[in-house]
Amino acid sequence: MTNIKEIIKTGWNLDNSYARLPKIFFSILNPNPVTAPKLIILNKPLAISLGLNVEALQREDTVEVLAGNRIPEGTLPLAQAYAGHQFGHFTMLGDGRALLLGEQITPLGERVDIQLKGSGRTPYSRGGDGRASLGPMLREYIISEAMQGLGIATTRSLAVVTTGESVIRENKLPGAILTRVATSHLRVGTFEYVAKWGTIEDLRALADYTIERHFPEVEAVENRYLSLLHEVIKRQAELIAKWQLVGFVHGVMNTDNMTISGETIDYGPCAFMDTYDPGTVFSSIDRNGRYAYGNQPYIAGWNLAQLAESLLPLLHDDQEQAIKLAQDAISHFTELYQHLWLQGMRGKLGIFNEEVEDKSLVESLLSIMMEYRADYTNTFLALTFDKLEDTVMFGKPEFSQWHQLWQERLSRQQESKADSHQLMKNSNPAIIPRNHRVEAALEAAVKQGDYRVMEELLNVLSSPYAHSPQQADYSTPSSSSRPYRTFCGT
């Protein structure tokens, strides 16, 4: 155990309000110790924002906390129970290889989860070893920090520690533990779990806890549980719209991977789309395209319907009335998402005001991009900097016609060309974590122990809207013709 002086010097200020919920929601246990923990990467800006001492975190004795070998005094580590619809099928889940170390109270008074991912077996491991390998943990670090740079709500990565032990998958791989930071780890699947196996009192306790932690503004509303549902719908509409606008494909949108807070979570089989195609799938296990890029808004609505169903006993005493309230709430998701997506697309095209034909203008461009297999990110960059010759659509009659319509559309707003250009720069990232760049960084780190490639990638990804000269090298798509495939991180 660490002593109190070490805790103060390090800056840990941990509570665990989740442990005050009914016992059905979690299992209390300590992480499984590892033999030789070594700090591989530390997110220093994040650590500082959390009130942690960066220098102290890098000491050998305090790295033991990030490895799960030591538990700061006053914390109560636990594994959370939840359920989920995985590819449409309901199943019992839970934190099978992660522990909630506690909730850090930051210098600004915010409360965030500190979770150790890959810390060993739990009661929810379902036969797994509870461990994680280095590559997937570094991948989550890279992509989550890229999402942060893009301005998309996300869990964050504080650190990655190697364990000095191997994990056995298809091959023997170096083991690692990721320290994940989240506004909370409450999921749609948490509500599904208690709706299936808990009591109404348990469900009410979870809903009240969620409101207090994430939506205190609805606490005094007459039907606060209905307001809770509306707020979650709103946050998810905002999140999915932002995913679509940058070409992010989550890959495994099971209900246990949809947070109540509206943060992106679980970076296993995710990737960013190069060639524009709504049917883009990267996950090796998504054989029918359920979670394809173009399906993400529909799946989000489906997942939210599962949340609404779980909340029915709290929405109204009369079941029929509860169902109607839930259906009405869910029916607003598509309209809200479409509004936010189109608003974002207007920004990508430098459009400030609204016209009825805007959706048709956007859809026409996307249709042409799909026909000519245009790169999604670079097409909008070419439009931003008026370098049409950089697109594969240059000189094509339908694109020339579209470009003329776009220019006419821009002329019907008060803002200047310079204003539109700035709006487009702010809306179109210069770079995304290109799949081949991520793989190159992981290969150098895992196989060669060289972390410089990853550090350079993280540096340029931290300011994707800077449009700096050094970012140009990172904007080129892969030259490989082979379909890119990702796998659930283990």
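The values are calculated or read from the model by the stated rules, or taken from the named source; none is laboratory data. Worth saying up front: this structure is predicted, and the values here are computed from it rather than measured. In this analysis, Cβ positions are derived from the backbone assuming ideal geometry, glycine residues included, and neighbour counts consider all displayed protein chains. Surface accessibility is based on the protein's heavy atoms, side chains included, excluding ligands, DNA and RNA. Shrake-Rupley method; radii C 1.70, N 1.55, O 1.52, S 1.80 Å.
In the range 342-353, the residues that are among the basic types (Lys, Arg) form Cβ pairs under 7 Å with partners that are surrounded by 21 or more Cβ atoms within 10 Å (Cβ to Cβ), at six or more places apart or across chains, as follows: Lys348/Leu245; Lys348/Phe380; Lys348/Asn428. Pairs linking a residue in the range 10-22 that is assigned to a loop (DSSP other than H, G, I, E, B) to a residue that is among the acidic types (Asp, Glu), with Cβ atoms under 8 Å and 6 or more positions apart or on different chains, are Asn16/Glu103; Pro22/Glu201; Pro22/Asp202. The one condition from (1) under 12 Å from the mean Cα position of the chain (by Cα); (2) closer than 26 Å to Ile105 by Cα that Arg187 does not meet is (1). Of all the listed residues (Gly301, Gly279, Gly294, Gly251), the sole one being surrounded by fewer than 20 Cβ atoms within 10 Å (Cβ to Cβ) and either in contact with a strand residue (DSSP E or B) (Cβ under 8 Å, 6 or more places away or on another chain) or not in a helix (DSSP H, G or I) (or both) is Gly279.
Considering each of His467, His436 in turn, give the residue that is out of contact with any Leu (no Cβ under 7 Å at 6 or more places or on another chain), at positive phi and in contact (Cβ under 8 Å) with a residue 40 or more places away in the chain. Reasoning before the result, please.
Working: His436 fails: at positive phi.
The match here is His467.
For the range 185-197, the criterion of being in contact with a Lys or Arg (Cβ under 7 Å, 6 or more places away or on another chain) and surrounded by fewer than 23 Cβ atoms within 10 Å (Cβ to Cβ) is satisfied by no residue at all. No other residue among Ala418, Ala440, Ala445 is of a type in the set (A, V, I, L, M), surrounded by fewer than 14 Cβ atoms within 10 Å (Cβ to Cβ) and assigned to a helix (DSSP H, G or I) apart from Ala418. For Arg409, state whether it is open to solvent by 10 Å² or more (accessible area, probe 1.4 Å) and either in contact (Cβ under 8 Å) with a residue 60 or more places away in the chain or in contact with a helix residue (DSSP H, G or I) (Cβ under 9 Å, 6 or more places away or on another chain) (or both). Answer is no for this residue. Restrict the check to the range 338-359 and report whether at least one residue is at pLDDT below 95 and surrounded by fewer than 16 Cβ atoms within 10 Å (Cβ to Cβ). No; the residues of the range 338-359 include none that is at pLDDT below 95 and surrounded by fewer than 16 Cβ atoms within 10 Å (Cβ to Cβ). When Gly102, Gly151, Gly120 are screened for being part of a strand (DSSP E or B) and not hydroxyl-bearing (Ser, Thr, Tyr), only Gly102 passes.
Right, Leu361: more than 19 Å from His421 (Cβ to Cβ) and either assigned to a helix (DSSP H, G or I) or basic (Lys, Arg) (or both) or not?
When the stated conditions are applied, Leu361 does not pass them.
Restricting Glu165, Glu170 to those that are under 30 Å from Gly449 (Cα atoms), open to solvent by 10 Å² or more (accessible area, probe 1.4 Å), charged (D, E, K, R) and touching a Ser or Thr at 6+ places or on another chain (Cβ under 9 Å) reduces the list to Glu165. Filtering Glu165, Glu192 for residues that are among the acidic types (Asp, Glu), in a strand (DSSP E or B) and in contact (Cβ under 8 Å) with a residue 60 or more places away in the chain leaves a single hit, Glu165. On inspection, Arg131 qualifies as open to solvent by 30 Å² or more (accessible area, probe 1.4 Å), closer than 30 Å to Glu456 by Cβ and of a type in the set (D, E, K, R). Look through the range 254-267, keep the residues that are in contact with a helix residue (DSSP H, G or I) (Cβ under 7 Å, 6 or more places away or on another chain) and not β-branched (Val, Ile, Thr), and return whichever of them is most open to solvent (accessible area, probe 1.4 Å). Filtering the range 254-267 for residues that are in contact with a helix residue (DSSP H, G or I) (Cβ under 7 Å, 6 or more places away or on another chain) and not β-branched (Val, Ile, Thr), the one most open to solvent (accessible area, probe 1.4 Å) comes out as Asp266.
Entry remark, the range 229-248: residues being outside any helix (DSSP H, G or I) and within 12 Å of the chain's Cα centre (by Cα) number 1 in total. For the range 64-84, which residues satisfy the criterion of being open to solvent by less than 10 Å² (accessible area, probe 1.4 Å) and assigned to a helix (DSSP H, G or I)? Selection gives Val65, Leu66, Ala67. The number of residues in the range 309-351 that are at negative phi and within 28 Å of the chain's Cα centre (by Cα) comes to 29. Restricted to the range 387-406, and to residues there that are acidic (Asp, Glu) and open to solvent by 60 Å² or more (accessible area, probe 1.4 Å), the residue that is nearest to the chain's Cα centre (by Cα) is Asp390.
Hey, could you check the range 198-245 for residues that are β-branched (Val, Ile, Thr) and open to solvent by 30 Å² or more (accessible area, probe 1.4 Å) and say which is farthest from Lys23 (Cα to Cα)?
It comes out as Val221.
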